[in-house]
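The values are calculated or read from the model by the stated rules, or taken from the named source; none is laboratory data. Remember, it's a predicted structure, so these values are computed and weren't measured experimentally. Heads up, the Cβs are rebuilt from the backbone with ideal geometry, glycines too, and the neighbour counts pull from every protein chain shown. Just the protein is used for accessible areas: all its heavy atoms, side chains included, with ligands, DNA and RNA removed. Shrake-Rupley method; radii C 1.70, N 1.55, O 1.52, S 1.80 Å.
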Amino acid sequence: MRGIENNLEKLYEAGIRPVAISVDRPGDTLEMAGKARLSFPLLSDPDLDAIRRYDLVHTGAGIDGTDIARPAEFLIDAGGTIRWVNVTENYWVRARPEQVLEAARSLE
Amino acid sequence: MSLNKINWQIWFGFILSVFAFASYPLIFAGWPVTRDFPWANLLLFAFAAIILFAGVRRAFRPEKGRLAKAGAVVSVVLSTLVLGLFVMIAFVSARWLPPSTGAPQIGSRAPEFSLSDTAGQKTTLAHLLTTPIQTQSSDTPVRPRGVLLIFYRGYW
């Protein structure tokens with residue numbers, strides 16, 4: 001997400017708002033935002049509500065065997081329709097900002 | 001003891017292996033070019049292997065004692081374990097992900113949600129899609145054209 005933060009102004013100029021979701025609670029996300037210097041919203045989904053709706057539950061993959069989200073990115077247009085998806089096969093490989101900006105070009 | 005008498009290759013080779021391993025999450029994972037395929041770390045492991053090979057050759061000279069030879073073997077075994085662990089983490093376990101075949105696809109409606117931000121304030125997808133974005137270049141906030149939803153494993 002450092003890449004997203006580094007390209008934040010470019011994304012904003014393109015009208016794209018990055019929002020990150022994990023099971024971390026607001027205390028942890030606040031700490032992460034500070035340490036990693038991330039200024040875009042980090043949302044908390046400790047009960048895996050949204051994570052389940054997007055079918056991204058990774059059972060037992062968290063510390064202490066808790067359920068967490070598997071990594072994925074979705075570009076959603078202003079009408080609420082999914083326009084680009086990246087459900088990574090390797091959690092080290094994430095969507096690059098260039099890919100997102102390219103995908104954003106097709107949005108109205 | 002002068003530097004010439006110590007088999008520095010055997011120890012440095014192991015230390016370099018550990019660095020080759022640790023530098024992935026700590027350093028190289030910071031850039032996609034070195035994270036998506038860890039070629040920098042594999043290069044470091046290759047250097048470590050070369051140095052260890054030199055160290056093993058030196059330790060197994062006829063005049064060297066059993067302790068020197070044992071130390072060389074231990075260092076190589078440990079370095080190999082570190083390499084194995086690296087391959088496991090970078091290539092194998094990172095792919096142990098659920099299939100997520102039910103994830104919304106292009107063209108479908110993004111499922112709505114209501115989640116708390118870092119301040120504990122609830123927000124929804126609809127809100128995120130409509131609240132104007134403040135850019136540095138313009139005084140008036142711009143209407144969002146979209147939201148990039150990033151699901152991540154968490155902070156640990």
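From A:ASP49, A:ASP64, A:ASP55, grab the single residue that is at positive phi, surrounded by fewer than 18 Cβ atoms within 10 Å (Cβ to Cβ) and modelled with pLDDT of 95 or more. Result: A:ASP55 is the single residue among A:ASP49, A:ASP64, A:ASP55 that is at positive phi, surrounded by fewer than 18 Cβ atoms within 10 Å (Cβ to Cβ) and modelled with pLDDT of 95 or more. Restricting attention to region B:58-76 and to residues that are among the basic types (Lys, Arg) and surrounded by 12 or more Cβ atoms within 10 Å (Cβ to Cβ), the residue that is farthest from B:TYR152 (Cα to Cα) turns out to be B:LYS64.
Of the residues contained in region B:77-86, none is found to be within 7 Å of chain A (Cβ to nearest Cβ) and either open to solvent by less than 50 Å² (accessible area, probe 1.4 Å) or modelled with pLDDT of 95 or more (or both).
With the requirement that a residue be among the basic types (Lys, Arg) and either assigned to a loop (DSSP other than H, G, I, E, B) or more than 7 Å from chain B (Cβ to nearest Cβ) (or both), what does region A:61-102 give you? First the steps, then the outcome.
Of the residues in region A:61-102, the ones among the basic types (Lys, Arg) are A:70, A:83, A:94, A:96.
Scanning region A:61-102 gives A:ARG70, A:ARG94, A:ARG96.
Count, please, the residues in region B:87-98 that happen to be open to solvent by 50 Å² or more (accessible area, probe 1.4 Å) and over 15 Å from the mean Cα position of the chain (by Cα). Break it down stepwise before answering.
First, pick out the residues of region B:87-98 that are open to solvent by 50 Å² or more (accessible area, probe 1.4 Å): B:87-89, B:91-92, B:95-96.
Still in the running and over 15 Å from the mean Cα position of the chain (by Cα): B:96.
Residues meeting the conditions: 1.
Among the residues making up region B:105-153, a single one is open to solvent by 40 Å² or more (accessible area, probe 1.4 Å), at the interface with another protein chain (Cβ under 7 Å from one of its Cβ atoms), among the β-branched types (Val, Ile, Thr) and outside any loop (DSSP other than H, G, I, E, B): B:VAL142. Residues of region A:6-40 that are open to solvent by 40 Å² or more (accessible area, probe 1.4 Å) and part of a loop (DSSP other than H, G, I, E, B): A:ARG25, A:ARG37, A:SER39.
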